[in-house]
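K.L.:
Got a structure here, written out as C-alpha cells. Questions coming.
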Amino acid sequence: MTKLQATRIAALKGNFRGQVILPDDDLYESARKVWNATIDKHPALIARCATTSDVVGAVNFAKDNGLVLAVRGGGHNIAGSALCDDGIVIDLSQMKAAQVDAGSLRGTIEGGATLADFDAATQAHGLAVPLGINSTTGVAGLTLGGGFGWLSRKYGMTIDNLESAEVVTAAGEVVRASATEHPDLFWALRGGSGNFGVVTRFEFRLHPVGPNVLSGLIVYPLSEAKAVLQQYREFMAKAPDELSVWTVLRQAPPLPFLSETVHGKEIIALALLYTGDPKQGEPLIEPLRKFGTPLGEHVGVQPYTAWQQAFNPLLTPGARNYWKSHNFSVLDDGLFEAVIEYIKKLPSPQCEIFFGAIGGATMRPAPDSAAYAHRDARFVMNVHGRWTDPADDERCIGWARDYFKASAPFASGGVYVNFLTADEGDRVKAAYGQNYDRLAQIKRKYDPTNLFSTNQNIQPA
Ligand code: FAD
C-alpha cells in the first residue's frame, strides 16, 4: 500500500460509520467469504457500510483511487459477483432495517437484508412480497435480477412489486427511482442486475399472505418420474395462480417422513405452496397425490416463514456449487428423458435439478415493461451441481454442463440472469434479451465509465 493510499484510507475511515476491513484485519477472512465456496477472491478493502452516506463515501473512494468495485448484498450470487480481487467491496450486510406500513400495504428494506429479514418484518403483519425459496439469499441481488418464488404465480416477479428504490449512482449521488422519478433508471433496476448503482433501500407493495399456508412435499421414486412429470405438465397448465408446484429431482435427503430405505435413493419431489385459504387449496392439491405411488409426503398448514426456510438445510453456505440454467415455455417428453438419464448418474449426493414453475402473474406484464424480459418463461430450470471436495470439481461441473447441453434443444433460449455462473459471459445478451440495447443506453447515462462492472455486465452504449 502506498503512503497516499494509506492517507486516503484514513480519510475514508474518518467519515465512515461502518467498518473498513483490510487484509490484515481479523474480520477479513470471514468478510471475504460468500455462499459459493468455489469463489476465492481477495479484495484490497471491504467497506462494510452502516448508512447511505457510507455507501456514497465508498463509491467516491473507488472512483478517486481507480479501484475495481464490487457490491455485496446477501453474497449468494453463484458467480461470486459480490466480491472482486484487489478492489473495494461495498458490503451492505449490516444494512438490514425493515419498515412495514400495513395500512398502505407498503414495506421498505435496506440493501443488505436477507429474505428472512424481510419475511419476518412483513409476516408480523400477515403480509409478504414474492421472494425466493431460500431465506438466507439477499433481497437486493434477487430483486435486481427479477426475483421469483412461491408467491410469483399469484403476485408476479419480485420486481413487479417494486415501488421505488434509493440508489447511490456512479456519480456518487443519492437518487430515488420510481415510476415518476428517474423512470429510466427504475426501468433498468428491475432486472438489470446491479449495473446501475448501489440500491440502499427498496420499497415494495405487499400482499396479504398466511401467516399459515398450505405447503409441503410429495415424494415419488425416480422409476415413476416420467409419468409424474407428464401429469405435472398437464396439472400446471390448468393450475390456478394461487398454487405453485415445483419439481425437484435428486437423491432423497434423510427426511423423517421417508422410510430409511429411501434415504439416498433417487427421487422426484413435488414441492408446493397454496397462497389462498388452505381449505380451498386442499382439494386442488389432491390430484398431486395420485400421479403414482408416493414414497411419502409432508404436506400441511404451516407458517409461511417456516416454508420459506424449509430448504435452507440443503442449501447451507460453504459448499462448492456450479449451476446451469435454461428457461422453458413448454416441457417436452424429450426433456423428461434427458433429466431422468442424468439423475441416474448424479456425481454427488447433493446435486439436484429443479423446475421452478412461474407463469401466471409473471407472464402478464409486457416484456419491455421492465428490464427483465422473459415474460414467456413458464418454468425456470436450475441444474445445481453441489459438492464439498475440490477434487470433485471437474466431475460435478462436467455433469452439469453435459446435462445442460442435453436439455438445450427443449429450452426457450432465454436464461435467468441470477442463475448465470462466472464463465457464462456469452449468455449475458440472452439473459437481458430484447431489452439489452435499451439497458446499454441507460447504462451510458448513469454509469458511463462502467464503475459497476463486477456483475453480469452491460457495457455502456
Ligand atoms: P450478492 O452476491 O450479494 O449480489 C448479487 C449481485 O447483485 C452482484 O452483482 C451484486 O453486485 C449485486 N448487488 C447486490 N446487492 C446490491 C445492491 N444493494 N445494490 C446494487 N447491486 C447489488 N433467485 C430467485 O429469483 N428465486 C429463488 O428462489 C432463488 N433461490 C436461490 C437459492 C439459493 C441457495 C441461492 C444461492 C440463490 C438463489 N437465487 C434465487 C438466486 C439469487 O437471486 C441470486 O443468487 C442473487 O444474485 C442473490 O442476491 P444476493 O444479494 O444474495 O447476492
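K.L.:
Could you give the length gained on full extension between A306 and Q459, defined as 0.36 nm per residue of separation minus the Cα-Cα distance, in nm?
P.N.:
51.0 nm
K.L.:
Moving on. For an R0 of 25 angstrom, estimate the FRET efficiency from the Cβ-Cβ distance between A319 and N65 and round to the nearest 0.05.
P.N.:
Using R0 = 25 Å, I get an efficiency of 0.10.
K.L.:
What is the pair-distance distribution P(r) of region 372-461, computed from all Cα-Cα distances in 10 Å bins starting at 0, with each bin given as a whole percent?
P.N.:
Once binned at 10 Å, the Cα pair distances of region 372-461 give 15, 39, 28, 17, 1.
K.L.:
Quick one: if the Förster radius is 45 Å, what FRET efficiency do K290 and E394 give, using the C-beta to C-beta distance and rounding to 0.05?
P.N.:
E(calc), rounded to 0.05, equals 0.60.
K.L.:
Next up: Considering only C-alpha atoms, what is the centroid distance from region 280-321 to region 32-56, in Å?
P.N.:
34 Å
K.L.:
Also: Work out, step by step, the length gained on full extension between A97 and T449: first 0.36 nm times the residue separation, then minus their alpha carbon distance; give nm to one decimal.
P.N.:
My answer for the length gained is 123.6 nm.
K.L.:
While we're looking at this one, here's another question. Over the Cα atoms, compute the radius of gyration (one decimal) and Dmax (the largest Cα-Cα distance, rounded to a whole number) for the chain, in Å.
P.N.:
21.8, 71
K.L.:
Can you give the Kirkwood hydrodynamic radius for region 325-370, in Å, rounded to one decimal and based on Cα pairs?
P.N.:
Here the Kirkwood hydrodynamic radius works out to 13.2 Å.
K.L.:
To continue, here is another question. Express the relative contact order of the chain as a whole percentage, based on alpha carbon pairs under 8 Å and six or more residues apart in sequence.
P.N.:
16 percent
K.L.:
Give the cross-link partners of K41 among the lysines, using a straight C-alpha distance below 16 Å as the criterion and excluding same-chain residues fewer than 8 apart.
P.N.:
K33
K.L.:
Now for a different question. So what is the orientation-averaged projected area of region 98-208, using the convex hull of its C-alpha atoms, in nm²?
P.N.:
6.2 nm²
K.L.:
Please give, to one decimal in nm, the separation of the simple spin-label points placed at N212 and D426, each 7 Å out from Cα toward the Cβ.
P.N.:
5.3 nm
K.L.:
Given a 1.4 angstrom probe, what's the average accessible area per residue across the chain, in square angstrom?
P.N.:
Here the residues of the chain average 38 Å² of exposed surface.
K.L.:
Ok, one more. Rounded to the nearest 5, what is the percent of antiparallel bridges among the DSSP beta bridges in the chain?
P.N.:
Taking every DSSP beta bridge within the chain, about 90 percent pair in antiparallel fashion.
K.L.:
Of the accessible area of the chain, with the probe set at 1.4 angstrom, what percent is carbon plus sulfur?
P.N.:
The computed percentage sits at 52.
K.L.:
Here's another thing I want to ask about it. With N residues in region 257-344, what two-decimal value do you get for its Cα radius of gyration over 2.2 N^0.38 Å?
P.N.:
Normalised by 2.2 N^0.38 Å, the Cα Rg of region 257-344 equals 1.32.
K.L.:
Here's another thing I want to ask about it. Quick one, can you get me the convex hull of the C-alpha atoms of region 346-417 expressed as volume per residue in Å³?
P.N.:
104 Å³
K.L.:
Another question about this same structure. As an exercise, use a Förster radius of 45 Å and the Cβ-Cβ distance of D86 and A406 to find the FRET efficiency, rounded to the nearest 0.05.
P.N.:
0.70
K.L.:
Take the Cα coordinates of region 212-419, assign each an equal point scatterer, and use the Debye formula without solvent to give log10 I(q)/I(0) at q = 0.13, 0.14 Å⁻¹.
P.N.:
Evaluating at q = 0.13, 0.14 Å⁻¹ gives log10 I(q)/I(0) of -0.75, -0.87.
K.L.:
Let me ask you something else. For region 3-91, divide the Cα radius of gyration by the Kirkwood radius and give the resulting Rg/Rh value with two decimals.
P.N.:
0.94
K.L.:
Separate question: In nm, what is the difference between 0.36 nm times the number of residues separating F257 and K344 and their Cα-Cα distance?
P.N.:
Roughly 29.0 nm would be gained on extension.
K.L.:
Another question about this same structure. Can you give me the distance in nm between label points at E181 and Q441, each placed 7 Å from the Cα along the Cα-to-Cβ direction?
P.N.:
2.4 nm
K.L.:
What is the distance, in nm, between label points placed 7 Å from the Cα along the Cα-to-Cβ direction at A227 and at H298?
P.N.:
Distance between the two pseudo-spin positions: 2.6 nm.
K.L.:
Give the relative contact order (percent, whole number) for region 3-91; include only Cα pairs under 8 Å separated by 6+ residues.
P.N.:
32 percent
K.L.:
Report the residues of region 176-219 in range of a label on R106: point 7 Å along Cα→C-beta, backbone N strictly under 13 Å from it.
P.N.:
177-181, 202-206
The values are calculated or read from the model by the stated rules, or taken from the named source; none is laboratory data. All of these numbers come straight from a predicted model, not from anything done at the bench. With ideal geometry, Cβ positions are generated from the backbone for all residues, glycine too; neighbour counts draw on all protein chains shown. Note: areas computed on protein heavy atoms with side chains; ligands, DNA, RNA excluded. Shrake-Rupley method; radii C 1.70, N 1.55, O 1.52, S 1.80 Å.
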